[in-house]
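Below is one structure, written out as structure tokens; the observations come after it.
The values are calculated or read from the model by the stated rules, or taken from the named source; none is laboratory data. These figures come from a predicted structure and were not determined experimentally. Neighbour counts run over all protein chains shown; Cβ positions are idealised from the backbone, glycine included. Remember, those area values only see protein heavy atoms, side chains included, never the ligands or the DNA or RNA. Shrake-Rupley method; radii C 1.70, N 1.55, O 1.52, S 1.80 Å.
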Amino acid sequence: MTTTHDPVAAAERCTPAYRRNPHPVYSALREAAPVCPMTPPHGVKTYLITRYEDARAALSDPRLSKDMYGAMDAYRRIFGDSSVALDDNMLNSDAPKHTRLRKLVNSEFTPRRVEALRPKIQDIVDRLLDACPTGTPFDLLPAFAFPLPMTVICELLGVPPKERSLMQELSTTVAQTGLSEESKRAQQQADEDFHAYFTELIARKRSKPGDDLLSALAATKDGGLTENELVSTAFVLMFAGHKTTAYLIGNAVYHLLANPAQLRTVQKDPELIGPAVEELIRYDSSVESSTFRYSTEDMEIGGTRIPKGALVQISLLSANRDPLKFENPDEFDVHRQGTAAHIGFGHGSHYCIGAPLARLETQLALSSLFRRFPKITLADPQAEPAWMEVPFPAFRGLTNLPVVLQPAAS
Ligand code: HEM
């Protein structure tokens, strides 16, 4: 197990042991250094916030800017010369620009549009499960958890089926958080390819609109999105809209299989799927930390002084296990009271715009999987789960999830 006597070193080195189980390290940080300056492998000093109350306050603190143009040097040192054009969206802006962009997207990405996708999502889930083998071990991630959200986000945006493998390929390259020059060059190329693809797709939507979200966004007129904002918004929805949900489905299936009593509880009462998904997001979600913010003035959080211009990251994973907020936080309990207070989807003006879609997809995926295959097991229940290694905490997800499905009647 990762040493916890020096939690700062353990967290900043992001060792495999830490990746396997970061929770003891976060627990030590919450106790000893809840707002902790550290230098992760990307080399840029970052203040990491780990307590729930500090985290929630920081997520909506206007002194912490999301407009990365203001911290370009730090940003470039971490990500290289990736296409800044793709960052022209709500995730990387402050009010009033953020308010304008978010309002425009909200006007089309409505709960109604999400609910209208329900039969389509169910159909995609059913087809993917039809194609899964039974009675033999296979990896559930590439067979189910990954293609589901990718297909759904392409349906939502109106990416034609033949072009979806390109989206998959480019997203995989962009998601690589490798810090080598080669990795950064590949990411930059993928960013440029994304930009070119969405520019061309938007032109197609303008000449021949469909009933998809991108056509609707492209049609907003006066005061609408600029061309570059539109391309960048398509990118952020595509990118944020599938890896997050795919990793969550993987983490959720793993924890339910590793906790059979909890799984049986959900199987006996299908109404529990909603609360179970919330508890899974609190317990071990796919977005470990917030995106970067930087301080626009000297400030203090949780008693720690943060100088103007410093990078700040908020550990959502840690905040959601804070015992000052959640009783017995390391226990996974689908009947837990107060789970809804988790900040797995963030908080404040940047609260995840895709949360209703992510919830719907995860609920349909889990209910269908466990209904159709009630005897699903981990292929090797004794094996350590293979958590992804990243040079700084952003996503938390498995690299593979071998399972065995037995048909219901066997
Ligand atoms: C389990 C799945 C998901 C998780 C855990 C998740 C988590 C988050 C979090 C924590 C934030 C806030 C980041 C910050 O403040 O630094 C966020 C923002 C965002 N998410 Fe998600 N997300 C998920 C799914 C989705 C989906 C399906 C979409 C799109 C279809 C999406 C689109 C976005 C966008 C555009 C933002 C930026 C919102 C803004 O800046 O106003 N996410 N998400």
| note | Two pseudo-spin positions, 7 Å from Cα along C-beta at THR136 and at GLU31, lie apart in nanometres by 4.9
| query | Given the pairs LYS205/LYS243; LYS162/LYS205; LYS103/LYS184; LYS66/LYS97, which span a C-alpha to C-alpha distance of over 21 angstrom in this model? | reply | LYS205/LYS243; LYS103/LYS184
| Sequence-distant residues sharing a close amide H with PHE395 (under 5 Å, placed H) | GLU288
| message | Give me the net charge for the shell around PHE144: Cβ to Cβ below 12 angstrom, other residues only, Lys and Arg +1, Asp and Glu -1. | response | -2
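Using +1 on the beta carbon of Lys and Arg, -1 on that of Asp and Glu, and nothing else charged, what's the dipole of segment 289-335 about the Cα centre, debye to 20?
Working: 5 positive and 8 negative charges, 63 e Å.
Here the size comes out at about 300 debye.
Roughly to the nearest percent, how much of the accessible area of segment 335-405 is carbon and sulfur, given a 1.4 Å probe? Could the numbers behind the result be given before it?
Values: 1620 of 2880 Å².
Roughly 56 percent of what the probe reaches on segment 335-405 is carbon or sulfur.
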| request: Can you work out the accessible area per residue across segment 7-404, with the rest of the protein chains kept in place, probe 1.4 Å, in square angstrom? | output: 42
| said: Over the chain, with a Gaussian network built from C-alpha contacts below 10 Å, which listed residue (PRO160, PRO149, PRO323) shows the highest mean-square fluctuation? | reply: PRO160
| query | Which one of LYS97, LYS45, LYS268 has the biggest mean-square fluctuation once the chain is modelled by GNM with Cα springs under 10 Å? | reply | LYS268
| R0 = 35 Å: FRET efficiency of ASN21 with ALA203, Cβ-based, nearest 0.05? | 0.15
| note | Expected max-MSF residue from GLY241, GLY303, GLY70 in the GNM of the chain (alpha carbon, under 10 Å) is GLY303
| Accessible carbon and sulfur surface of segment 186-253 relative to its total accessible area, %, 1.4 Å | 55
| To the nearest 500 deg cm²/dmol, what mean residue ellipticity at 222 nm is calculated for the chain from DSSP H runs of n ≥ 4 alone, each contributing -39,500 (n - 2.57), summed and divided by the residues? | -14500 deg cm²/dmol
| How large is ³J(HN,Hα), in whole Hz, for each residue of segment 315-332 in order, when computed from phi with the Karplus curve 6.51 cos²θ - 1.76 cosθ + 1.60 and θ = phi - 60°, using x for Gly and Pro? | 7, 5, 4, 5, 4, 6, 10, 6, x, 6, 10, 10, 5, 6, x, 7, 9, 8
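Explain nothing, just the number: dipole magnitude of the chain about its Cα centre with +1 on each Lys and Arg Cβ and -1 on each Asp and Glu Cβ, in debye rounded to the nearest 20.
Details: 44 positive and 50 negative charges, 111 e Å.
About 540 debye.
Once R0 is set to 22 Å, what does the formula 1/(1 + (r/R0)^6) return for the Cβ-Cβ distance between ASN259 and ARG127, expressed as a FRET efficiency to the nearest 0.05? It would help to have the intermediate numbers written out before the result.
Details: r = 28 Å, r/R0 = 1.29.
Efficiency, from the Cβ-Cβ distance: 0.20.
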